[in-house]
Amino acid sequence: MTENRMTNGDNFSVFGSKDFQSRVLQGAITDKNFFEKVFEILKEEYFTTDAHTVLWVEIRKLFNKYDMPPTYEMLRVEMSHYPESDQKDATLEVLKDIEKKVDRQEIQHAKETAFEFCKNQSMKNAILKSVELLKDGKFEEIQKTIEESMKITSETNMGHIYFEDLQSRSVANHRPNACPTGFGALDHLDILDGGLAGGELGVVMAPTGVGKSFMLVNFGYGALAAGKNVVHYTFELSENNIGTRYDSRITKVPIKQVVSRLAEVEKKLTSFSGGKLIIKEYPTKVATVNTIKFHMARLISSGFQPDLVIIDYGDLMRSRKGYDQKRYELESIYEDLRGFAMESKLPIWTATQSNREGFNDDIITIDKVGEAISKVHVSDFFATFSQRKFHIGKNRAGKAGVNFDIDIDYARSMITLAGENATNGGISMSNRVTNILESGDKLKDVYDSYRDRKVGVS
């Protein structure tokens with residue numbers, strides 16, 4: 001059966017069939033490209049039998065563990081651990097079915113219509129849920145349920161498209177795919193030499209409530225102003241919330257006045273000749289690095305080429321592998337982020353939380369990192385900031401141990417660093433050394449890096 005021989009009515013019946021759903025699973029196992037396309041949109045509740053649901057859950061679990069679609073043998077091994085039951089027997093029968101050689105056209109048809117299957121199943125589930133809500137007169141919830149079902153299954157939903165008309169600008173730099181931060185002090189020759197380079201992971205650390213998301217928005221703005229394309233992943237705040245912060249940062253209109261001065265904001269955004277911004281929201285502790293990879297692949301296939309990736313922020317992601325201790329989970333997440341940066345050849349900025357000891361410090365040193373020190377080890381650039389000081393603790397591209405006065409204008413989402421327009425970054429070498437001593441950062445490798453005139457903390 002081919003797609004052009006089916007009516008819409010046929011689609012609903014075919015999508016509900018066990019055979020069609022088996023072919024979808026078969027396609028996911030045998031075709032990695034197809035798997036990556038359906039990884040995010042194919043939900044377990046779309047399947048009409050428990051057996052197909054169980055198999056899809058196991059397929060996703062094994063992929064997250066091994067970073068590749070599982071073999072049939074791997075699935076059989078996983079199923080062998082299940083207790084004996086009718087459900088186990090039914091699942092093994094489905095597994096036997098998807099192992100069978102079938103007409104390649106059947107699998108191809110399932111792959112071509114998988115998106116429509118997801119859309120229809122999502123809408124059907126939303127309608128069924130709405131029937132119960134209707135009984136209780138919960139009309140607002142019905143509207144939200146329907147809208148969400150349409151949103152999550154939209155093929156064109158690559159995230160919040162911030163700018164449509166991009167006028168690209170090239171920025172001269174000496175590092176591959178370097179993306180300016182927008183802070184003159186950091187982009188200076190002896191610090192980042194043009195910005196965070198492709199393949200590098202930059203991490204900023206601050207106590208809770210100081211402004212980690214504000215800092216990442218400022219990095220995003222710095223890239224946009226340089227004509228770079230930015231994708232900003234948010235795991236705590238909504239797409240609209242992050243978008244409003246960009247509105248404020250670009251236009252200098254206070255956040256609370258964006259709505260009341262909307263005409264002014266729109267005019268300024270229209271005249272902004274920068275890069276394109278996409279903001280994509282995921283719930284806390286849901287997205288893994290693989291989730292980001294797949295979304296990025298879809299963006300690129302749609303014609304959007306990112307120059308900078310912002311992860312807001314790494315601590316709120318989920319590890320691809322399960323760990324009993326948070327420390328090991330965070331280590332895994334940041335290692336995956338570093339690997340993703342190298343694989344994609346893109347610069348990645350993220351943020352992390354300091355521990356309680358650093359909450360009241362003017363200069364927060366890298367030993368105040370929360371949970372896992374490996375966040376520092378895997379990063380290429382690691383900086384901390386309080387409401388008063390910005391401190392570079394590690395820097396593979398240039399000098400570390402540098403302190404800047406920081407001013408955070410929460411109303412306008414604007415952050416400035418003292419001396420950022422100075423030719424030497426605003427601080428002399430002697431003052432840098434003095435600041436290291438004053439900061440209490442007594443890590444031997446930091447001292448050695450300055451003594452031997454080497455770069456950063458290894």
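The values are calculated or read from the model by the stated rules, or taken from the named source; none is laboratory data. This structure is a prediction, so every number in the text was calculated from the model and none was measured. Cβ atoms come from the backbone with ideal geometry, glycine included; neighbour counts cover every protein chain shown.
For residue 49, indicate whether it is of a type in the set (Ser, Thr, Tyr), touching a Lys or Arg at 6+ places or on another chain (Cβ under 9 Å) and surrounded by fewer than 17 Cβ atoms within 10 Å (Cβ to Cβ).
yes
If you go through the stretch 268-277 one residue at a time, do you hit one that is of a type in the set (Phe, Trp, Tyr), over 30 Å from residue 329 (Cβ atoms) and either touching a helix residue (DSSP H, G or I) at 6+ places or on another chain (Cβ under 6 Å) or in contact (Cβ under 8 Å) with a residue 60 or more places away in the chain (or both)?
yes
Return yes or no: is residue 364 in the same structural domain as residue 256 (by TED's automatic domain parsing), under 25 Å from residue 189 (Cα atoms) and modelled with pLDDT under 90?
When the stated conditions are applied, residue 364 passes them.
Going residue by residue through the stretch 139-149, is there one that turns out to be out of contact with any Leu (no Cβ under 7 Å at 6 or more places or on another chain), surrounded by fewer than 13 Cβ atoms within 10 Å (Cβ to Cβ), outside any helix (DSSP H, G or I) and modelled with pLDDT under 85?
no
From 74, 79, 68, grab the single residue that is more than 14 Å from residue 20 (Cβ to Cβ), part of a loop (DSSP other than H, G, I, E, B) and in contact with a Leu (Cβ under 9 Å, 6 or more places away or on another chain).
After ruling out the rest, the residue left standing is 68.
When the stretch 377-410 is examined, which residues are found to be surrounded by fewer than 19 Cβ atoms within 10 Å (Cβ to Cβ), under 21 Å from residue 347 (Cβ atoms) and without any contact (Cβ under 8 Å) to a residue 60 or more places away in the chain?
377 - this is the single residue of the stretch 377-410 that is surrounded by fewer than 19 Cβ atoms within 10 Å (Cβ to Cβ), under 21 Å from residue 347 (Cβ atoms) and without any contact (Cβ under 8 Å) to a residue 60 or more places away in the chain.
Might you check whether a residue that is at pLDDT below 70, in contact with an Asp or Glu (Cβ under 7 Å, 6 or more places away or on another chain) and not basic (Lys, Arg) occurs anywhere in the stretch 413-426?
Yes, the stretch 413-426 has at least one match.
Taking residue 309 as the residue in question, decide whether it is touching a residue at least 12 places away in the same chain (Cβ under 8 Å), among the hydrophobic types (A, V, I, L, M, F, W, C) and in contact with a helix residue (DSSP H, G or I) (Cβ under 7 Å, 6 or more places away or on another chain).
Spelling it out, it is not the case that residue 309 is touching a residue at least 12 places away in the same chain (Cβ under 8 Å), among the hydrophobic types (A, V, I, L, M, F, W, C) and in contact with a helix residue (DSSP H, G or I) (Cβ under 7 Å, 6 or more places away or on another chain).
Could you grab me the full set of residues in the stretch 92-117 that are in a helix (DSSP H, G or I), over 22 Å from residue 41 (Cα atoms) and not hydrophobic (A, V, I, L, M, F, W, C)?
93, 96, 97, 99, 104, 105
For the stretch 57-65, indicate whether the set of residues that are more than 22 Å from residue 96 (Cβ to Cβ), under 29 Å from the mean Cα position of the chain (by Cα) and modelled with pLDDT under 90 is non-empty.
yes
Yes or no: the stretch 226-249 includes at least one residue that is surrounded by fewer than 18 Cβ atoms within 10 Å (Cβ to Cβ) and free of Cβ contacts under 8 Å to residues at least 40 places away in the same chain.
So far as the stretch 226-249 goes, yes, one or more of its residues are surrounded by fewer than 18 Cβ atoms within 10 Å (Cβ to Cβ) and free of Cβ contacts under 8 Å to residues at least 40 places away in the same chain.
Within the stretch 1-55, which helices (runs of 4 or more DSSP H) (wholly inside it) include 1 or more residues that are at pLDDT 80 or above and under 30 Å from residue 283 (Cα atoms)?
The qualifying helices (runs of 4 or more DSSP H) are 18-30, 32-38.
Pick from 432, 451: which is surrounded by fewer than 18 Cβ atoms within 10 Å (Cβ to Cβ) and at pLDDT below 90?
On inspection, the qualifying residue turns out to be 451.
Output the residues belonging to the stretch 362-377 that are outside any loop (DSSP other than H, G, I, E, B) and closer than 16 Å to residue 400 by Cα.
366, 367, 376, 377
Which of the residues spanning the stretch 192-203 are at negative phi and either surrounded by fewer than 24 Cβ atoms within 10 Å (Cβ to Cβ) or among the charged types (D, E, K, R) (or both)?
198, 200
When residues of the stretch 179-216 are filtered for being touching a residue at least 60 places away in the same chain (Cβ under 8 Å), among the β-branched types (Val, Ile, Thr) and in a loop (DSSP other than H, G, I, E, B), how many remain?
Adding up the residues that qualify gives 3.
Within the stretch 241-281, track down each residue that is more than 18 Å from residue 412 (Cβ to Cβ) and under 22 Å from the mean Cα position of the chain (by Cα).
275, 276, 278, 279, 280, 281
Listed here are the residues, each with its yes/no results for (1) among the aromatic types (Phe, Trp, Tyr); (2) within 32 Å of the chain's Cα centre (by Cα); (3) at pLDDT 85 or above.
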| site | (1), (2), (3) |
| --- | --- |
| 78 | no, yes, yes |
| 89 | no, no, yes |
| 95 | no, no, yes |
| 101 | no, no, no |
| 107 | no, yes, no |
